[in-house]
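Take a look at the structure set out below.
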Amino acid sequence: MPNFKCKTLKEIQLPFEKEGVEFLWMAKGENVDLLFTRIEQENFFLQIKKDVKNHTWLIKGEKHTKPSQIGYLQKALLVFKENFTQDVVCEAVALKHTRLIQKTPLIANDLKEILEQIQDKKQIYIEIGFGSGRHLLYQARQNPDVLIIGIEIYTPALEQVAKLALSEKLNNILLIETDARLLLSVLESNLVDKIFLHFPVPWDKKPHRRVVGINFANECARVLKESGQFELRTDSFLYFDFTLETFLNFSHLKALIKKNENLEISSKYEDRWKRQNKDIYDLIISGFGWSEALNKDQKFAIEELCFDSKELKSIEEKFKNEVFKGEDFFLHFEKMYLKDESLLIKIAFGAFYKSEHMYINLSCNGVNFVFDKPFKTKENLKAIEKLREILYSYTK
Ligand SMILES: C[S@@+](CC[C@H](N)C(=O)[O-])C[C@H]1O[C@@H](n2cnc3c(N)ncnc32)[C@H](O)[C@@H]1O
């Protein structure tokens, strides 16, 4: 990550604008200040950290508000360095102009944009954890009219498969870097034709870490069309059995089971298991009914909150770094910063498998998320309800 260290900070008058970089406001923490920075449409924080021992300042991007392209961060650091610092002791900020424009085609990260992009697609297949991508690319070749969405958490796999798809000129592929459970929970209902889960990590000794679980099954049932199907292919009998049992919680479903069926395409993992003469199980679940649309009208519980200056003072005094755990969500109060008359609080929250890190601004005019709002997953809604409850208790 680009950063630099300096011995002297000059006085910072805000707002400030130069070469398309805007510094708008600053929030002050114990040893770290945050500088709200804007370039084009992107907002993020620069972090100014005091190293008391070495009498230096470390300036870098705040890791949870990074802009989409590293070039923006480099540019903001260069402008900050030239205008507000002296005696730079070391730096790693070199700006490569290509980094400002380069994004790997076919890979999308902005879930909100993705949801808009795919809502009117006629046919959608999703492959969860596509790895080397053999099966995903095969599906794309076989079904040129279907949008094939690949979900992965391993960045090199996304980049590798994007390159292969581009070299074959396959344009019906969209690769998304996220946890499959998060994507499923925000997709519109009755949208998807097929969900493939091929050779997931078995976690035979720690089943709670599996992608499949009752919430996952509920979300599959919700996002799949009435004619849709979920397909598991695995070498782990325990995973197969666990998935069957999970889906058997539904009262009306059909399950088709196959053993050692040869498909036209074999993935890297499949090849490995076949060389070891392992059995391969297919479980194909269909018969999902029609599902209610996602409720988009729900609001985050803090959106109508408002504190007077006495309450804000009380929150400031009582704030401490602490974690709250619910059955399926958590909320972590991480840090607090002071900004003029308001408070800025950094929290981590959400489902245990997918935490969000966000900043919340509390002022006499209201309470709001500083950057984008989080997705309205049920875990996020519950965590923010808990946040409301605790903030309220801090005012007493
Ligand atoms: C054992 S590999 C199988 C890859 C591929 N399906 C195959 O058959 O060769 C499992 C893959 O799932 C990905 N993965 C694990 N958990 C995931 C999750 N929650 N969401 C999306 N991908 C995930 C891993 O990064 C890994 O690439």
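The values are calculated or read from the model by the stated rules, or taken from the named source; none is laboratory data. Treat the numbers as computed from the prediction; the structure is a model and nothing was measured. Every residue, glycine among them, receives a Cβ derived from its backbone with ideal geometry; neighbour counts consider all protein chains shown. Just the protein is used for accessible areas: all its heavy atoms, side chains included, with ligands, DNA and RNA removed. Shrake-Rupley method; radii C 1.70, N 1.55, O 1.52, S 1.80 Å.
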Considering only region 103-156, how many residues are more than 13 Å from the ligand (Cβ to nearest atom), surrounded by 13 or more Cβ atoms within 10 Å (Cβ to Cβ), in a helix (DSSP H, G or I) and not aliphatic (A, V, I, L, M)? 2
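Among the residues of region 41-58, are any open to solvent by 80 Å² or more (accessible area, probe 1.4 Å), touching a helix residue (DSSP H, G or I) at 6+ places or on another chain (Cβ under 8 Å) and assigned to a strand (DSSP E or B)?
So in region 41-58, the residues open to solvent by 80 Å² or more (accessible area, probe 1.4 Å) come out as 41, 49-50, 52-55.
From the residues that got through so far, the ones that are touching a helix residue (DSSP H, G or I) at 6+ places or on another chain (Cβ under 8 Å) too are none.
No - not one qualifying residue is present in region 41-58.
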Looking at this structure, is Phe196 near the ligand (Cβ under 10 Å from one of its atoms), assigned to a strand (DSSP E or B), open to solvent by less than 60 Å² (accessible area, probe 1.4 Å) and not acidic (Asp, Glu)? yes
For region 152-184, enumerate the residues that are basic (Lys, Arg) and under 17 Å from the mean Cα position of the chain (by Cα). Arg181
For region 346-396, the count of residues that are open to solvent by 60 Å² or more (accessible area, probe 1.4 Å) and of a type in the set (Phe, Trp, Tyr) equals 3
Among the residues of region 225-248, count how many are more than 18 Å from Arg272 (Cα to Cα), of a type in the set (S, T, N, Q) and within 12 Å of the ligand (Cβ to nearest atom). 0
Taking Asn171 as the residue in question, decide whether it is polar (S, T, N, Q), more than 13 Å from the ligand (Cβ to nearest atom), assigned by TED's automatic domain parsing to the domain that holds Lys254 and at pLDDT below 95. yes
Restricting attention to region 199-214, and to residues there that are within 14 Å of the ligand (Cβ to nearest atom) and touching a Ser or Thr at 6+ places or on another chain (Cβ under 8 Å), which single residue is most open to solvent (accessible area, probe 1.4 Å)? Asp204
Confirm whether Lys310 is open to solvent by 60 Å² or more (accessible area, probe 1.4 Å), more than 16 Å from the ligand (Cβ to nearest atom) and in contact with a helix residue (DSSP H, G or I) (Cβ under 6 Å, 6 or more places away or on another chain). no
Looking at the structure I just gave you, is Ser189 within 14 Å of the ligand (Cβ to nearest atom), in contact with a Lys or Arg (Cβ under 8 Å, 6 or more places away or on another chain), assigned by TED's automatic domain parsing to the domain that holds Leu263 and assigned to a loop (DSSP other than H, G, I, E, B)? no
